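Read-outs throughout are calculated quantities, based only on the coordinates presented, and are distinct from any laboratory measurement. Keep in mind it's a predicted model, so treat the numbers as computed, not measured. FYI the Cβ positions are ideal-geometry reconstructions off the backbone, even for glycines, and counts take in every protein chain you see.
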2 protein chains.
Amino acid sequence: MREGWFTEAIEDEGVAFSLAIDEKVHDEHSGYQHIEVYRTRRWGRLLVLDGCVMVTERDEFLYHEMMAHPALFAHRDPQRIAIIGGGDCGILREVLRHTEVAHALQVELDERVTRVAEAHFPDLCTANDDPRAELRFGDGVRWVRDTEPESLDVMIVDSTDPVGPAAGLFTKEFLADARRALAPGGIVVQQSESPLLHGESVIAPLHRAAAEAGFDGVHTLTFPVPSYPSGWWSATLMVNGGDPRNFREADSEAKPFATRYYNADIHRAALATPELLR
Amino acid sequence: MREGWFTEAIEDEGVAFSLAIDEKVHDEHSGYQHIEVYRTRRWGRLLVLDGCVMVTERDEFLYHEMMAHPALFAHRDPQRIAIIGGGDCGILREVLRHTEVAHALQVELDERVTRVAEAHFPDLCTANDDPRAELRFGDGVRWVRDTEPESLDVMIVDSTDPVGPAAGLFTKEFLADARRALAPGGIVVQQSESPLLHGESVIAPLHRAAAEAGFDGVHTLTFPVPSYPSGWWSATLMVNGGDPRNFREADSEAKPFATRYYNADIHRAALATPELLR
């Protein structure tokens, strides 16, 4: 790391991303991971888990909006939502902008991530006190396995990279459990890494695992996230029956809340499949 | 710069992008600029001008395809093409995939960039010997000012950042000259930097300059370019009359050449305007 900069190097891809920092404002080992918070010079606060950029205040809207709104507008009537991971609470904030949502449960492994977000990223945590929000801390894989069948409308899987604790979220066993938890018409959306770097190593295997888990509609969205490796990211929608590319276009056009990236045109745009992913 | 890495730091945005390098294979001061070529560990060859990443072999397809195909498919019958800048020849290669093109003139200020590309980036220069290609070296601003009115179907402005020699390519005077050079139905496309970093500083002023130059249809496309600052990039289409969002969709769907990013769905997707650019 150069003096005055935070650097995340992806050694096996030979690429690194750095942000100029003014100060480290938090540093702890939570038992699950190393949690750091920096005040950057131009990107607001920066949350780092085990050396990987999780959130910057400057670009967090891109990831959080695109993990929430396409899935929720693709569902006919999204009332019961579960977020697996998502401890920084940014997706929860976006989910609760939808007035149809009756209950949004977040199941994060590491309570310290949420407490650190509450202390240092207040803009991510604006919905934490919403009466529809429930914050639970524990193993998301186990929660999904044990939860009541057909009890969810949308499940959002906001994992870290598919190594270490998050590896279990990319298996056909997990996805079969997720499918069982969905009510008819339900949708899973899962972050699926970079279209440039991880097409073969993550996106294609996730499509195969989803098919083996019984999902018959699987589609990958793409969108920019400047602070993630390559700056280009993806999320994969999975449904039982139907086409995950369909969404409530009129409702999206008339959405009653403000966004900074997402709109109905961007929803349609994110559905386009680049040649390299075909 | 860390040992073994090339780093481009955007100091005023507090962000840096680095690639692991095996070897520097070229280094010269051309009189216009400092030209460097590196062999990277995972991104192929890297071309650097005055410290800024211009091309990596791993992701060059994104920029070059998106600077060529949307504009050419937006034109009814693109026969006469001029590329201003573009010395690495990657856009020229994409332009000449279109069989309608009768003549593609590239006007690059610095002949050394093209000679270095020919020596070190053979995949960018595969069309340089096409009989329809003409490579000219000189001042693109002056060439556009002096060229015959109504003599071009598509002008592609592939500049470096809008500072230094490229600043003149972002003025209403240049754009008025560009407009005069276009035949009826003609199109200009110009690279317009990062939607995240340069919305206010480049994209909005370019729209104003285009309007002042007399263009009545102006639209910005967005697409990923991992090796450019923020990993998220844009190009702006300008037309006299008509809507730059219209394109020959059936021809694009049936394009007879291979691409790695562009297709008709991606063309439509790139036209979507994110909320932050509205």
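Rg and Dmax of chain B, Cα atoms, in Å?
For chain B, the Cα radius of gyration and maximum Cα-Cα distance read 17.6, 53 Å.
Taking the dipole about the Cα centre of the stretch A:1-111, with the C-beta of Lys and Arg at +1 and of Asp and Glu at -1, give me whichever of A:F6, A:A82, A:L109 is farthest to the positive side.
Farthest towards the positive pole: A:A82.
Name the shape class, rounded, prolate or oblate, that the alpha-carbon gyration tensor gives for the stretch A:27-111, where a ≥ b ≥ c are the square roots of its eigenvalues, rounded holds for a/c under 1.5, and otherwise prolate holds if a/b is larger than b/c and oblate otherwise.
Note, shape of the stretch A:27-111 comes out oblate.
When ranked by the protection proxy of mean other Cβ atoms within 10 Å per residue, highest first, what sequence do the peptides B:265-271, B:147-153 form?
Listed from highest to lowest mean packing, they are B:265-271, B:147-153.
Share of antiparallel DSSP beta bridges in the stretch B:146-278, in percent to the nearest 5?
Close to 70 percent.
Which whole-number percent gives the relative contact order of the stretch B:60-277, counting Cα pairs below 8 Å spaced six or more residues apart?
Dividing the mean separation by the residue count of the stretch B:60-277 yields 22 percent.
If you draw the axis that swings chain B onto chain A, which residue of B has its Cβ closest to it, and how far is that in whole Å?
Axis-proximal residue of B, distance in whole Å: B:G231, 1.
Please turn the phi angles of the stretch A:8-24 into ³J(HN,Hα) values with the Karplus equation 6.51 cos²θ - 1.76 cosθ + 1.60 (θ = phi - 60°), one per residue in order, whole Hz, x for glycine and proline.
With the stated coefficients, the stretch A:8-24 comes to 10, 9, 9, 4, 6, 9, x, 9, 9, 10, 10, 10, 6, 10, 8, 6, 8 Hz.
B:Q79 label points, 7 Å along Cα→Cβ, one per copy: pairwise distances from this copy to the rest in nm, shortest first?
6.4
What's the angle, to the nearest 10 degrees (0 to 90), between helix A:172-181's Cα axis and the longest principal axis of chain A?
60
From the phi of every residue in the stretch B:153-164, what ³J(HN,Hα) in whole Hz does the Karplus formula 6.51 cos²θ - 1.76 cosθ + 1.60 yield, where θ is phi - 60° and glycine or proline is x?
Once θ is set to phi - 60°, the couplings for the stretch B:153-164 become 8, 9, 10, 10, 9, 9, 8, 6, 4, x, 9, x Hz.
Under 11 Å from the Cβ of A:S159, count the other residues' Cβ atoms, weight Lys and Arg +1, Asp and Glu -1, and hand me the total.
Surrounding charge for A:S159 is -4.
Rounded to two decimals, what is Rg over Rh for the stretch A:5-56 when you use alpha-carbon atoms and the Kirkwood radius?
0.98
By a straight-distance test (C-alpha under 24 Å), which lysines pair with B:K255 as possible cross-link partners, with residues fewer than eight away in the same chain excluded?
B:K255 reaches no qualifying lysines.
Using modelled amide H (1.01 Å from N, peptide plane; none on Pro or chain starts), what sits under 5 Å from the amide H of A:I10, excluding residues fewer than 5 places away?
A:V15, A:A16, A:F17
Taking the Cα centroid of the stretch B:134-182 and of the stretch A:27-41, what is the distance between the two, rounded to the nearest whole Å?
For the stretch B:134-182 versus the stretch A:27-41, the Cα centre distance is 49 Å.
Taking a label point 7 Å from Cα toward Cβ, how far is A:C52 from its twins in the other copies, in nm, shortest first?
3.2
Rounded to the nearest 20 debye, what is the charge dipole size of the stretch B:5-56 about its Cα centre when +1 sits on each Lys and Arg Cβ and -1 on each Asp and Glu Cβ?
Dipole size: approximately 380 debye.
Mind running the shape call on the stretch A:123-194? Use the C-alpha gyration tensor, a ≥ b ≥ c as the square roots of the eigenvalues: rounded below 1.5 for a/c, prolate if a/b tops b/c, oblate otherwise.
It comes out oblate by the Cα gyration axes.
Let me know the Kirkwood hydrodynamic radius for the protein assembly as shown, please, with Cα pairs as the basis and the value in Å to one decimal.
Result for the protein assembly as shown, one decimal place: 24.4 Å.
What's the local net charge at B:I83, with K and R +1, D and E -1, over the other residues with C-beta under 9 Å away?
Counting the neighbours of B:I83, the net charge comes to -2.
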